[in-house]
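> Just passing along the structure, written as structure tokens.
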Amino acid sequence: MKELIATPNLASFRKEVDRFLDRIREGDAFDLLSTSDWIPNMDFSEKADAFTVKLEVPGIEPKDIEVLFQNGLLTVRGQKMKVETEEKDARYYRSERSYGSFVRNLRMPAAVDDKLIAATFRNGLLTIMLPKTVEARAQAIPIKAA
């Protein structure tokens with residue numbers, strides 16, 4: 001019987017290339033230079049009063065994740081341990097799960113009130129709320145008729 005060779009999924013490959021190009025466009029050089037074993041998927045959004053960062057980190061305990069904020073740079077690092085041992089007599093046809101350490105760095109586009117930053121973890125999703133400073137919040141300017 002022929003050995004099964006894992007062929008990369010074209011859609012998955014394109015998604016990774018798009019993520020890479022997005023990081024270049026956003027100037028996120030920290031992640032590009034990272035020596036991480038894997039990089040968790042991340043969403044970064046903004047509302048009028050805060051930024052929200054969500055990272056998918058399934059299989060990791062909150063105690064194994066570190067969140068830092070300094071000089072406008074959010075850093076999330078952690079480690080996903082491989083707790084299983086491969087069976088010596090087992091023949092693997094596919095092994096796609098990622099293990100090891102990761103680091104994600106994200107520069108905030110506006111000032112953040114670092115005293116109000118909060119992180120929550122639920123079902124493998126790390127959510128970090130970064131409230132903007134009052135000065136950084138967009139404010140509506142009323143227009144007066146002349």
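The values are calculated or read from the model by the stated rules, or taken from the named source; none is laboratory data. Not measured: the values here are computed from a predicted model. No Cβ is skipped: glycine too gets one built from the backbone with ideal geometry, and neighbour counts run over all protein chains shown. In case anyone asks, the SASA skips ligands and DNA or RNA and just uses the protein heavy atoms, side chains included. Shrake-Rupley method; radii C 1.70, N 1.55, O 1.52, S 1.80 Å.
> Is there a residue in region 84-98 that is within 20 Å of the chain's Cα centre (by Cα), over 14 Å from Asp49 (Cα atoms) and either surrounded by 13 or more Cβ atoms within 10 Å (Cβ to Cβ) or among the small types (Gly, Ala, Ser) (or both)?
yes
> Could you please find all residues in region 114-137 being in contact with a strand residue (DSSP E or B) (Cβ under 9 Å, 6 or more places away or on another chain) and among the aliphatic types (A, V, I, L, M)?
Residues satisfying the conditions are Leu116, Ile117, Ala118, Ala119, Leu125, Leu126, Ile128, Met129, Leu130, Ala136.
> Moving to a separate point now. The conditions are (1) touching a strand residue (DSSP E or B) at 6+ places or on another chain (Cβ under 6 Å); (2) open to solvent by 80 Å² or more (accessible area, probe 1.4 Å), and Val67 fails exactly one of them. Which is it?
Single failed check for Val67: (2).
> Considering only residues that are among the hydrophobic types (A, V, I, L, M, F, W, C) and surrounded by 15 or more Cβ atoms within 10 Å (Cβ to Cβ), look in region 130-146 and name the one that is farthest from the chain's Cα centre (by Cα). Write out each step before concluding.
Of the residues in region 130-146, the ones among the hydrophobic types (A, V, I, L, M, F, W, C) are 130, 134, 136, 138, 140-141, 143, 145-146.
Right, trim to surrounded by 15 or more Cβ atoms within 10 Å (Cβ to Cβ) and you get 130, 136.
Values: Leu130: 14, Ala136: 23 Å.
In this case the residue turns out to be Ala136.
> Just wondering, is there one or more residues in region 90-98 that are basic (Lys, Arg), within 21 Å of Asp64 (Cα to Cα) and either part of a loop (DSSP other than H, G, I, E, B) or modelled with pLDDT under 80 (or both)?
Yes, the conditions are met somewhere in region 90-98.
> Would you tally the residues in region 70-83 being open to solvent by less than 30 Å² (accessible area, probe 1.4 Å) and touching a helix residue (DSSP H, G or I) at 6+ places or on another chain (Cβ under 6 Å)?
Residues flagged as open to solvent by less than 30 Å² (accessible area, probe 1.4 Å) and touching a helix residue (DSSP H, G or I) at 6+ places or on another chain (Cβ under 6 Å) within region 70-83 amount to 1.
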